[in-house]
Amino acid sequence: VAALPAYEPARPGAVVRLDANESPYGDDGLNRYPAPDAVELHAALADYYGVATESVLATRGSDDAIDALGRAVLRPGRDSILVTPPTFAMYAQFARLQGAGVVEVPLGSSVADAWQPGVRIVYICSPNNPTGTVMPLADLDRLCGVLRGRALVVVDEAYQEFSSYASALSLLAAHDNLVVLRTLSKAFGLAGIRCGALVAAPGLVQGVRRVLPPYLLPTPVVSIATAALTPAAIATMRARVAELRARRDAFAAAVAALPGVIEVVNGEANSVLLRLDDAAAAAARLADAGIRVRAFDGQLADFLRFTIGTEQEMARAQAALR
Ligand code: PMP
């Protein structure tokens, strides 16, 4: 990747633009390619995350960042990632697509002890999907130190806004092998625009940018994302997060008493995981009531994950469960 010449995209600014084979006709500037570096959006993201602009790369959701990181870092047939199941499935999926290996270590056991040669990326999902569990900052700090020069520690904070624990962003200054992934898909309510962010040391950001296409983010996405990061929009987001957290805890408490609910796993994300005496039957009855929840196989076959929706939606889910 480092040896590839960088593609030089067309830059806006000239009065007569005959350089990019665009159409001269169009509304709202959409006949033009987006500005290649989305300066305003990157500045807004950097401000929100409290880091330097050079440390931020806006991506097409955090899925895109996971994919790009793997393609930038993992050598097919040689390198591996380390994941801690049960966790988000796309880390392993993108690694396998890249021809890399996947080392699995059960969630909660020592990741530092489990590192082995060839593991170049360690994925820590915190708050974890689907358990909502968090890795404390002191543990992350230690892990980055132990793995310095050996592996990147990628902390996926897709659900960070819902968490009462501090973000790993504060550790970035101390560790150049730390990468933090964030997204506008969850707390900001913008899953439809596909906008996430990779936050890391500037050199790493540049390396990952190289495996992504020029004109990465569509113009309307850049405007919507930038507008979501104004102080007023952030305040609205925070109020909704507080509401969802309260609703999550109320739902978790209410369903704990229902017959057939064996365990309630409530954590720091916007979902609750239930262990049921018959998860398949419960999912079928919920589906009959028009309610779709997340079922799993393997290790979590007895569990269903409920995303926290509106008050009404949670009341319906609770009634159907009962
Ligand atoms: N990370 C985690 C832990 C997730 O749960 C998800 C979405 N389910 C993603 C990343 C991807 O989110 P997006 O691409 O929408 O940012």
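Brief remarks on what is shown
- If you wrap the tightest convex hull around every Cα atom of the stretch 58-217 and split its volume per residue, you get 104 Å³.
- Of the residues F306, L69, V293, the one whose Cα sits farthest toward the positive end of the charge dipole of the chain, with +1 on the Cβ of Lys and Arg and -1 on the Cβ of Asp and Glu, is L69.
- Cα-based helix-to-principal-axis angle, 61-73 vs the chain, degrees rounded to 10: 60
- Where N is the number of residues in the stretch 192-322, Cα Rg divided by 2.2 N^0.38 Å: 1.38
- Here, P(r) means the percent of Cα pairs in each 10 Å bin from 0 to the largest distance; for the stretch 17-146 it is 11, 30, 31, 17, 9, 3.
- Its Cα gyration tensor gives the stretch 24-95 an equivalent ellipsoid. The semi-axes, each the square root of 5 times an eigenvalue, are 31, 17, 12 Å from largest down.
- Among L30, L181, L204, a tally of other beta-carbon atoms within 10 Å of each Cβ gives an order, fewest to most, of L30, L204, L181.
- Measuring nothing but alpha carbons in the stretch 68-126 and taking Rh as the Kirkwood radius, the Rg to Rh ratio lands at 0.93.
- Hydrodynamic radius (Kirkwood) for the chain, which is based on Cα pairs only, to one decimal in Å: 21.2
- Exposure proxy order (Cβ contacts within 10 Å, fewest to most) of D302, D64: D302, D64
- Per the Debye calculation on the stretch 225-265 with a single equal scatterer at every Cα and no solvent contribution, log₁₀ I(q)/I(0) for q = 0.22 Å⁻¹ amounts to -0.70.
- Dipole axis of the chain (+1 Lys, Arg; -1 Asp, Glu on Cβ), positive-most option in Y48, V153, P259: V153
- Relative to its Kirkwood radius, the Cα radius of gyration of the stretch 159-228 gives an Rg/Rh of 0.99.
- Approximate shape of the stretch 9-54 as ellipsoid semi-axes (Cα gyration tensor, √5λ), whole Å, largest first: 28, 11, 7
- Taking amide H as placed 1.01 Å from N in the peptide plane, the amide H of V153 sits under 5 Å from that of V122, L178, V179, each at least 5 places away or on another chain.
- GNM result for the chain, Cα springs below 10 Å: residue of V208, V222, V39 fluctuating most strongly: V39
- Unit charges on C-beta of K, R, D, E only; dipole of the chain, Debye: 240
- For the stretch 121-168, the Kirkwood estimate of hydrodynamic radius, built from reciprocal distances between every pair of different alpha carbons, is 11.0 Å.
- Residue with peak Gaussian network fluctuation, the chain [Cα springs, cutoff 10 Å], from V56, V73, V122: V73
- By the helix-only formula, in which each DSSP H run with n ≥ 4 contributes -39500 (n - 2.57) and the sum is divided by residues, the chain has a 222 nm mean residue ellipticity of -10500 deg cm²/dmol.
- Computed with the Debye formula from one identical point scatterer per Cα of the stretch 144-190, without solvent, the log10 of I(q)/I(0) at q = 0.26 Å⁻¹ comes to -0.93.
- Relative to the longest principal axis of the Cα atoms of the chain, helix 231-256 runs at roughly 20 degrees.
- The antiparallel fraction among DSSP beta bridges confined to the chain stands at about 55%.
- Candidates G108, G26, G203: whichever shows maximal mean-square fluctuation once the chain is modelled as a Gaussian network with Cα springs under 10 Å: G26
Every read-out reported here was derived from the displayed coordinates using simple, explicitly stated rules and does not represent laboratory data. None of these values were measured; they are calculated from a predicted model. Cβ coordinates were reconstructed from backbone atoms using ideal geometry, including for glycine residues, and neighbour counts include every protein chain displayed.
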